[in-house]
Structure formats: structure tokens, C-alpha cells
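The values are calculated or read from the model by the stated rules, or taken from the named source; none is laboratory data. Here the structure is a predicted model, which is why all the values come from computation and not from measurement. When we count neighbours, we look across all protein chains shown, and the Cβ atoms used for this are built from the backbone with ideal geometry, even at glycine. Quick note on the areas: whole protein, heavy atoms, side chains included, nothing else; ligands and nucleic acids left out. Shrake-Rupley method; radii C 1.70, N 1.55, O 1.52, S 1.80 Å.
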Amino acid sequence: MNRREILKRLTLLPLAATAGSIAASASPAPSGTAPGADASFGEDLPAASVAPPSVTRDLFAELGVRRVINADVTMTFLSGSLMLPEVLEAINSTSHDFANMFELQDKVGARIAELLKVEGAMVTSGAACAILLSTAACITGTDKEKIKNIPNLPGPRPEVIMQKSHRYLFDQAVTTTGAKIVEVESPEDMDKAITPQTVMALYFNAAEKPGGFKHEQFLAVAKRHNIPTLLDAAADVPPVENLFKYQKMGFDLVTFSGGKMIRGPQSAGLLFGRKDLIEAAKLNHSPYEAPIGRPMKVNKEEMFGMYAALRSYLERDHQKEWDGWTERAKHIGSRLALLPTIKTEIWVNPGPANAFPNLLVDWDRQHFKTTPKDVRKALQDGNPSIVTGVHEDRLLVGVVLLRPDQVDIVIQRIREVLQHPV
């Protein structure tokens, strides 16, 4: 066998593993499944929800890392979401060849822009990176000296407008560029706060509150002063319409996380909007060697994987997926309700972040002498570790990230913790 044949066979191995993952949806429940578990439950959900293929080398065990069942929402510290089989295939099938990263970012960005019906797009290393690159782009444009010297530019610091109620941990990505955040509380404040140093206005979508400072008012002031706008909508799908909604409103740049419900690589994200700003953002990013975004590089496999994930998300039957989540919540609720005093309710988070169905579980505290917070801790500390949430003093069981083979494990463990509280 010559070298070319060996490489060809090696290339096929990861794809075979991916095929095994897809086939697992039709296989019996794995040996670790709880008694009575229905491994085919939720079969209408995306294929990433099925049990993983068997492997000969268990790296979790080798490194002593606990596997976690995520019965909550997508969170970075819990590794985001599970990538779809088509994303894994994109990663595996492109990992055996080199690519010119300038060309790849341009070509992937052009195709993503086409899918999202915008002027320009790029793949970033998550939404936080997109915030930094957007700010940098608005500061430097295509000026090579500014790109080289940011964040240590001469003169007054650039300024970014934000609503005071929108301040959050991730706005440090703005100040990393050397910019200063100027807080406003009303359209009138914003109008007065804009100066020659103002380079951008940032709107944190998940912070919007009823009766607050709305998108349209924010955009109107920014447009009047010709200030570029960025909307951070990292966790704001579903619904799929949100991928198009905010650019139609008039935001110049929009960012979404790639590793949440779009189900792409966790360390990837989308930045899209005005072509001139996207081009400036790319100049501030890897593979250029001097810019501020160089430490936030995205590898070629993630770029291909992000493109595959977005295509899959846009082509998905979203109503069918939603119905599958709802049926899963009903199934868990009906099984838990067999215990005395248990009451369950399907609750849809109003969003805009994490807007999908969850199951809320409550009980008579005199009958089961434990609280939702104590149950959550016991589930997380147990084996397997199950992460749930608490909402309005009720246990929140997220259903959208569970694999079918995990559903009855979660039911069994909740029952055990309630009946035998620590």
C-alpha cells in the first residue's frame, strides 16, 4: 500500500465514526440507560441528540473528566451544545488538507452572507470576539497604522455608547480595544452623549426590558449621527427569524454565537452586516499577524463546521423540532407526576435569549422535605452529574439539549433525589 492509499483510508475513518453516530439513533439503548428508558424517544429531534458511537479509547475516563448531562440551557462552562453530525463531518472531511486562511475566510463569509441575505459576513471565535472585532473595525477602518497600534492610539480614547441597563461582563471586549464605554439611559441622553470620539453604539439584545430603551429608538439616534451600530444576539435563536430580524431593523452589525442552538463548534461565532465594516473587522483578525484579534484565531475546520451548522439550522424543520421538545417535556412531566404532590408546567422562556420550552417542577415541601436548590445541587453532585436550573423557586428541567438516551436517566435521578433527600 502506498502513501496516497494510506492517507485515503485514514481520511475515511473519521467519516465512518460520524456515520456510526447517525446510526446510533436506531440502536438499542446503551448499557448505561436507566431501566425502562426509551432510547428512541425524541427521534424527531436533530441527529446530534442521539447517543454517541462506541469508542475504543475513553478520553473522559483516561483524564478523569466527568460526563455531564445538560438539563438546563447552553452555557460556555458546560461546553455549549453538541455539534450536529454534519458539522462533525465537515470538520473531519476538511482536516486532512491545508487551506489559505485568507481565501477560506473570504469564501465562507461570502456564502454565509448569501444565506443570511446581508452584504458581508465572517466566522469569529465566538460572539465575544465579534464584539471586539466590531469595535476595532469601527475605530480603525482600513487604516494600517491604526490596525497596527490599537489599543494604544494617540489622542482621546474612542467612545462606545451603551445603555446603562445593558452593561454586562462581555462589554470588556469593547474596552480591550482601548475604547471607553459611555452610559446612557434614554434617547435624549444618547443624543447628547455622542461626540466626535463616538465610534460605535452597542445594543445587548438579552438586556432589553419592557418599557425600556427600544431597538428602534436606539437606531434612530445612531442613524441621525451616522454612528455604526452592533447588536449582540449571542443566544437569541430560536426562533430562526432572529437571524434576519435585526439586520432588517437597521443594525449595521449583528453577532450570534455559533456554539449554542445553531449547534456549530463552541469556539465559533457569526458576525455579519455592512461589508465595509466586515472587511475592516477581518483586517483586525487572524491570519493577519499584527492585529488585536490575532489571539482569537479560528481554525479552518471551525470555519467549515460553522458554515455547515448554519446551513443545517436554516434548512431544519423548526416546527417539528419545537414539537419534539414539547413532547419530551410532557413525557418527563407525566413520569414525575406519578409521585405524590408533584406539579409540572411547560414554561417557554420569553427570551430573547434561550427562548424555548422547559419543564418546571414543584412539590409540597412538607411531603418532600427538600428545596429546588437542594435538588439541583444533589443532581449536579451525583453520578452522572446532571445540571438543571431553578426558576421562581421551582426546579427547571431543560429538554432541548438532552439526548434521547438521557431522558429517563434524568427522570429516575430526580425521583431518587426527591424520595431520598440528603
- What number of residues within region 354-370 are aliphatic (A, V, I, L, M) and either free of Cβ contacts under 8 Å to residues at least 24 places away in the same chain or part of a loop (DSSP other than H, G, I, E, B) (or both)? 1
- Yes or no: Q197 over 30 Å from S81 (Cβ atoms) and either of a type in the set (F, W, Y) or in contact (Cβ under 8 Å) with a residue 40 or more places away in the chain (or both)? yes
- In region 277-289, the residues that are over 15 Å from I139 (Cβ atoms) and in contact with a helix residue (DSSP H, G or I) (Cβ under 6 Å, 6 or more places away or on another chain): S286, P287
- Message: Residues that are part of a helix (DSSP H, G or I), among the hydrophobic types (A, V, I, L, M, F, W, C), under 18 Å from V73 (Cα atoms) and in contact with a Lys or Arg (Cβ under 7 Å, 6 or more places away or on another chain): does region 401-410 have at least one?
- Response: yes
- Query: Do we have L243 as closer than 18 Å to A173 by Cα and of a type in the set (A, V, I, L, M, F, W, C) here?
  - Reply: no
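I'd like to verify a number: residues in region 345-370 that are open to solvent by less than 60 Å² (accessible area, probe 1.4 Å), under 21 Å from V410 (Cα atoms) and of a type outside the set (A, V, I, L, M), how many?
10
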- Query: Can you name the residue in region 371-400 that is assigned to a loop (DSSP other than H, G, I, E, B), at pLDDT 95 or above and open to solvent by less than 20 Å² (accessible area, probe 1.4 Å) and is also farthest from N354 (Cα to Cα) among such residues?
  - Reply: T388
- Query: Among L253, L219, which is the only one that is within 25 Å of E302 (Cβ to Cβ) and not charged (D, E, K, R)?
  - Reply: L253
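Does E327 satisfy the criteria of being modelled with pLDDT of 95 or more and more than 26 Å from L202 (Cβ to Cβ)? Spell out the reasoning first.
Details: modelled with pLDDT of 95 or more: yes; more than 26 Å from L202 (Cβ to Cβ): yes.
So E327 passes the test.
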- Message: Please determine whether any residue of region 295-303 is touching a strand residue (DSSP E or B) at 6+ places or on another chain (Cβ under 9 Å), open to solvent by less than 20 Å² (accessible area, probe 1.4 Å), touching a residue at least 24 places away in the same chain (Cβ under 8 Å) and not acidic (D, E).
- Response: yes
- So which pairs qualify, if the first residue must be in region 69-91 and in contact (Cβ under 8 Å) with a residue 40 or more places away in the chain and farther than 24 Å from Q412 by Cβ, the second must be charged (D, E, K, R) and assigned to a helix (DSSP H, G or I), the Cβ gap must be under 9 Å, and the two must be at least 6 apart or on different chains? E86/R311; A90/E301; I91/E301; I91/E302
- Give R224, R263, R274 a once-over and let me know the one that is open to solvent by less than 50 Å² (accessible area, probe 1.4 Å) and at pLDDT 95 or above. R263
- Pairing a residue in region 102-126 that is touching a residue at least 60 places away in the same chain (Cβ under 8 Å) and farther than 24 Å from P295 by Cβ with any residue that is in a helix (DSSP H, G or I) and open to solvent by less than 90 Å² (accessible area, probe 1.4 Å), where Cβ atoms lie under 7 Å and the two sit 6 or more apart in sequence or on different chains, gives R111/Y307; L115/L310; L115/L314; L116/L243; L116/F244; K117/F244; V118/Q247; E119/A113
- Would you check which residues across region 369-416 are farther than 21 Å from I346 by Cα and not acidic (D, E) and list them? K369, T370, K377, A378, Q380, G382, N383, P384, S385
- Quick check, is P340 loosely packed, with under 15 Cβ neighbours inside 10 Å and free of Cβ contacts under 8 Å to residues at least 40 places away in the same chain? yes
- Among the listed residues E89, E43, which satisfies the condition of being at pLDDT below 95, closer than 26 Å to G324 by Cα and open to solvent by 70 Å² or more (accessible area, probe 1.4 Å)? E43
- Among all residue pairs at least 6 apart or on different chains, which show Cβ distances below 7 Å where the first residue, located in region 169-189, is without any contact (Cβ under 8 Å) to a residue 40 or more places away in the chain and the second is open to solvent by less than 80 Å² (accessible area, probe 1.4 Å) and among the aromatic types (F, W, Y)? S186/F213; P187/F213
- Residue that is farthest from the chain's Cα centre (by Cα) [pool: residues in region 117-138 that are over 14 Å from Q172 (Cβ atoms) and open to solvent by 20 Å² or more (accessible area, probe 1.4 Å)]: C138
- Identify all residues within region 320-337 that are open to solvent by 10 Å² or more (accessible area, probe 1.4 Å) and touching a Phe, Trp or Tyr at 6+ places or on another chain (Cβ under 7 Å); write none if there are none. H331
- Query: With respect to D236, is the statement that it is in a helix (DSSP H, G or I) and either among the acidic types (D, E) or modelled with pLDDT of 95 or more (or both) true?
  - Reply: no
- Message: For the condition open to solvent by less than 20 Å² (accessible area, probe 1.4 Å) and either of a type in the set (K, R) or on the phi > 0 side of the Ramachandran plot (or both), what is the one hit in G80, G109?
- Response: G80
